[in-house]
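Have a look at the structure below, then the notes.
Coordinate-derived values only; no laboratory data. As the structure is a prediction and not an experimental result, all values here were calculated from the model. Don't worry about glycine lacking a Cβ; one is built from the backbone with ideal geometry, like all the others, and counts go over all protein chains shown.
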Amino acid sequence: MNRFLLGLALLLFGCGTSSTKNDKPEAGTLAPPFKLPYQLATPDENFTLPKELKEISGLTYYKNNKLLCVQDEEAVVYEFDTKQGKVTKDYGFGGYGDFEGIEYVNDEVYVLESNGTLSRFKPESLQIGRTKTDLPKKTEVEGLGYEPKTKRLLIAVKQGGGASSDKAVYSFDLLNRAVFKDMSLNDEQLKAAGIDPDTYKPSGIAVHPITGEWYMITSVGKRLLITNRQAKILYSEPLDPKQFRQPEGICFAPNGDLFIASEGNGKKGYILKFAYKK
């Protein structure tokens, strides 16, 4: 197993600027009827994970038939082969932390900690970079995605440090390493979508590769929420707690197929695949 937990060369790849820049997205209420292109009640495939991923906390599309996964405490990225139904490789990136999200962008892996710290490395590389994104104090984050239109990582807030950061999605610009507040939902919007604002604590975020919509899942409230980039809620659907025991990760294949990962919650972790139906 490729665990480079000792002797890693830590390369700083810049500190994020303060999150004072704001794209000032347009807030809105519910849009016209939206047809979900997935049958969440009937997954097309169910992948049971090994004990190392019992507490899976994030996943991202990697290559054909391969996903990258991370779990809560150990600094190891696992390569899961959906065709073989098993972990085929793992990549250690040093140390311990509360790892909550992962994204593969431009041949590099980014891993998000709950305090906003980002680790960056190429698979099987000895060079590891880390940076703090300088989010508002006491902000706890969980979901990590990527918006190709802006070339920014998306960071979903689970628990805000104040009104300014609560229910927000921040982004980290990979080019100039600046932090932006991309979007923020308010209680009125959530209530209009049938969501209790107190249970809206995103655990995963992903951008649909074909439509560009933002998909967010919540583990606490067991829900899927879809918005556009302008903070307009397009769709909301509760997730069956028997099928989604503790949804923590979400990602898409380039063809639009959807993957949602759940922690074991006392049992084995698993990943559900839903085929994209236009």
| query | Based solely on its DSSP helices, what 222 nm [θ] is calculated for the chain when runs of n ≥ 4 H residues each add -39,500 (n - 2.57) and the sum is averaged over all residues, nearest 500 deg cm²/dmol? | reply | -500 deg cm²/dmol
| request: Take the Cβ-Cβ distance between residue 187 and residue 210 as r, set R0 to 30 Å, and report the resulting FRET efficiency rounded to the nearest 0.05. | output: 0.45
| field | Rounded to whole Hz, the Karplus (6.51, -1.76, 1.60) HN-Hα couplings of the range 79-96, x for glycine and proline | value | 9, 9, 8, 6, 6, 8, x, 7, 6, 10, 8, 9, 10, x, 10, x, x, 9
| said: Skipping prolines and chain starts, which residues have an amide H placed within reach, meaning under 5 Å, of the one on residue 117, given they are 5 or more residues away or on another chain? | reply: 133
| note | Residues meeting the amide H criterion for residue 183 (H placed from the backbone, H to H distance under 5 Å, 5 or more places apart or on another chain) are 169
| query | Mind checking the dipole of the chain: about its Cα centre, +1 per Lys or Arg Cβ, -1 per Asp or Glu Cβ, Debye to the nearest 20? | reply | 360
| task | Using the charge dipole of the chain (Lys, Arg: +1 at Cβ; Asp, Glu: -1 at Cβ; taken about the Cα centre), state which of 145, 228, 271 has its Cα farthest towards the positive end. | result | 228
| Cβ-based charge dipole, the chain, positive-most Cα from 96, 34, 157 | 34
| What whole number of Å gives the distance from the Cα centroid of the range 110-167 to the Cα centroid of the range 42-93? | 20
